[in-house]
Amino acid sequence: MKYKALVADIDGTITHQSRRLNLKAAEMLYRLNDESEIPVVLATGNILCFSHAASKLIGLNGYVIAENGGVVSEGFDTNPYIMGDIKECRKAFSFLSEYIPLTKLDPEYRKTEIALIRDFDLEYARNVIKSGNYNVDLIDTGYAVHIKSNTMNKGTGLAKIAKLMGLKPKDFVAIGDSENDFEMIESAGLGIAVANSDQKTKSIADVITDASYGEGVVEAIEYLYSCD
């Protein structure tokens, strides 16, 4: 494979629709990392401990991008890099809470953003936030809505982890499915969207798989080997 590393989203990408890990996709990622010596990074909107657990269980090295680029780690036993500031997100949350009842997800673990249960009108919430002039984005991953800094995303997270690994973002293949994968796919050397991806993500992908979810990742890795 001409690319030097691979970065993959977790939920909706290496999973089944139910969020169960697709074992065939996990095996392919493990073999890519272990046998082909192509480092595999996991990138997610989820928290760091979840990201590390997923990396460990798949058999990877602990390179992860968590909280949509807000937290970056180069291994299980290393101190993470905190790339975002949660203060602006907290202000935006307090302001938005005056208009909409909101429920946080994992508030005790999140360092750089606020995740919310998806039980409100997102477009209305975005208009409210815009009226308050907060420097945040509201991103819907299909599993949660995230209030995050508009200066950080999985693309900036990829730039950081690439530098730590002595690589460039263009050295990576990126695989994802959701709007929070947009910048990561855009900045990678080869961007792949699995078939269940939203239209915005598909619009900037170099390759769109025929299969969805984890089966799409299996198809993508088979495609990469076929290009050797």
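Bear in mind that the values in this text are calculations on the coordinates, not laboratory data. Predicted model only: the values in this text are computed from it and were never measured. When we count neighbours, we look across all protein chains shown, and the Cβ atoms used for this are built from the backbone with ideal geometry, even at glycine.
Things to note:
- Under conditions of 10 °C and 1.306 mPa s, segment 111-163 yields 131 µm² s⁻¹ as its translational diffusion coefficient, taking Rh as the Kirkwood radius over Cα pairs in the Stokes-Einstein equation.
- For segment 63-117, the alpha-carbon radius of gyration amounts to 1.28 times the rule-of-thumb value 2.2 N^0.38 Å expected for a compact globular protein.
- Radius of gyration and Dmax over the Cα atoms of the chain, both given in Å: 16.8, 55
- Square roots of 5 times each gyration tensor eigenvalue, C-alpha, segment 1-104, largest first, Å: 30, 17, 11
- Ordering Ile129, Pro107, Ala53 by Cα displacement along the dipole of segment 36-132 toward the positive end leaves Ile129 in first place; charges were set at the Cβ atoms of Lys, Arg (+1) and Asp, Glu (-1).
- Folded to 0 to 90 degrees: helix 213-226 orientation relative to the chain principal axis, Cα: 40 degrees
- Peptides ranked, highest mean first, by Cβ atoms within 10 Å: ranges 206-215, 137-146, 64-73, 177-186: 64-73, 177-186, 137-146, 206-215
- When shorter helices are ignored and each DSSP H run of at least 4 residues is given -39500 (n - 2.57), the per-residue value for the chain at 222 nm works out to -10500 deg cm²/dmol.
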